[in-house]
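**Q** The following block contains the structure, expressed as structure tokens.
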Amino acid sequence: MMTEHFEKHSLFFTWMLLLSLLYLHCGIYSFKGSLPPHLHTIAIPLFENRTAEFGVPEELTDAIIEKFTQDNSLKIADRSNADVILEGTIVRINDRAGAYNSQERVQDLKIYLTINVKCMDQVKRQVLWEGRLTQWGSYDPSEGPDARLDGLNDAIDKVSEEILNKTVSGW
């Protein structure tokens, strides 16, 4: 009886110890911990546009700001007070056939959004990361211009998420 009681308590304490270690281990990992400690704020000026598409710089910039606001790792600030500045240029938006139907007509188009991005540490005056990013969304061309806009918004959402991830967890 005493041995059985001891085994139950021993098993209980072993499980509690394992759960505690797991909790502590998971608690240590976060995107906020990935940022250098001197970085607290970010400025995201309007992206430059080298395409004929109207309104995309505003949509993209707003989407990126929204991602950072939701993540809350870096607070949005104006350029003069920001620790980090994220600048970018939309260099290309193009549509390509994605899938054909049995009559060899395009039934799905992919819209690709390509941007150049530079993320600067203003405190240490160094480039944190930079590069060319491309993401896509798809749409059915038979559904009209609103479908294309939905596809473009998907591409904007994907590239915004990629920018957030590269900035807060790319260390």
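The values are calculated or read from the model by the stated rules, or taken from the named source; none is laboratory data. Since the model is a prediction, treat every value here as computed from it, not as a measurement. Glycine also receives a Cβ, built like all others from the backbone with ideal geometry; neighbour counts cover every protein chain displayed.
**Q** Is it the case that some residue within region 111-124 is closer than 30 Å to Pro37 by Cβ and out of contact with any strand residue (DSSP E or B) (no Cβ under 8 Å at 6 or more places or on another chain)? Can you show your working first?
**A** Restricting attention to region 111-124, the residues satisfying the condition of being closer than 30 Å to Pro37 by Cβ are 115-124.
Imposing the further condition that a residue be out of contact with any strand residue (DSSP E or B) (no Cβ under 8 Å at 6 or more places or on another chain) reduces the set to 123-124.
Yes, because at least one residue in region 111-124 is closer than 30 Å to Pro37 by Cβ and out of contact with any strand residue (DSSP E or B) (no Cβ under 8 Å at 6 or more places or on another chain).
**Q** Right, here's the next one. Give me a count of the residues in region 86-128 that are aromatic (Phe, Trp, Tyr) and more than 17 Å from Ala52 (Cα to Cα). Before the answer, list the steps.
**A** Keep residues of region 86-128 that are aromatic (Phe, Trp, Tyr), which gives 100, 112.
Remaining after also requiring more than 17 Å from Ala52 (Cα to Cα): 100.
Result for region 86-128: 1.
This table checks each residue for (1) of a type in the set (Lys, Arg); (2) outside the structural domain of Val56 (by TED's automatic domain parsing); (3) touching a Lys or Arg at 6+ places or on another chain (Cβ under 9 Å).
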{"residue": "Asp121", "(1), (2), (3)": "no, no, no"}
{"residue": "Lys124", "(1), (2), (3)": "yes, no, no"}
{"residue": "Gly137", "(1), (2), (3)": "no, no, yes"}
{"residue": "Asn153", "(1), (2), (3)": "no, no, no"}
{"residue": "Ile163", "(1), (2), (3)": "no, no, yes"}
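**Q** Evaluate the following for Lys124: is it within 30 Å of Thr41 (Cβ to Cβ) and either outside any loop (DSSP other than H, G, I, E, B) or free of Cβ contacts under 8 Å to residues at least 12 places away in the same chain (or both)? Spell out the reasoning first.
**A** Numbers: within 30 Å of Thr41 (Cβ to Cβ): yes; either outside any loop (DSSP other than H, G, I, E, B) or free of Cβ contacts under 8 Å to residues at least 12 places away in the same chain (or both): no.
The answer is no for Lys124.
**Q** Identify all residues within region 63-90 that are in contact with a Lys or Arg (Cβ under 7 Å, 6 or more places away or on another chain) and surrounded by fewer than 16 Cβ atoms within 10 Å (Cβ to Cβ); write none if there are none.
**A** Result: no residue meets the conditions.
**Q** Out of Ala82, Ala97, Ala63, I need the residue that is at pLDDT below 95 and in the same structural domain as Gly144 (by TED's automatic domain parsing). Which one?
**A** Values: Ala82 fails: at pLDDT below 95; Ala63 fails: at pLDDT below 95.
Among Ala82, Ala97, Ala63, only Ala97 is at pLDDT below 95 and in the same structural domain as Gly144 (by TED's automatic domain parsing).
**Q** Would you mind stating whether Asp78 is farther than 28 Å from Ser34 by Cα and either without any contact (Cβ under 8 Å) to a residue 60 or more places away in the chain or not charged (D, E, K, R) (or both)? Can you show your working first?
**A** Details: farther than 28 Å from Ser34 by Cα: no; either without any contact (Cβ under 8 Å) to a residue 60 or more places away in the chain or not charged (D, E, K, R) (or both): yes.
When the stated conditions are applied, Asp78 does not pass them.
**Q** Further question: From Tyr139, Tyr100, Tyr112, grab the single residue that is in contact with a helix residue (DSSP H, G or I) (Cβ under 6 Å, 6 or more places away or on another chain) and among the hydroxyl-bearing types (Ser, Thr, Tyr). Spell out the reasoning first.
**A** Numbers: Tyr100 fails: in contact with a helix residue (DSSP H, G or I) (Cβ under 6 Å, 6 or more places away or on another chain); Tyr112 fails: in contact with a helix residue (DSSP H, G or I) (Cβ under 6 Å, 6 or more places away or on another chain).
Step by step, each of Tyr139, Tyr100, Tyr112 is checked, and only Tyr139 is in contact with a helix residue (DSSP H, G or I) (Cβ under 6 Å, 6 or more places away or on another chain) and among the hydroxyl-bearing types (Ser, Thr, Tyr).
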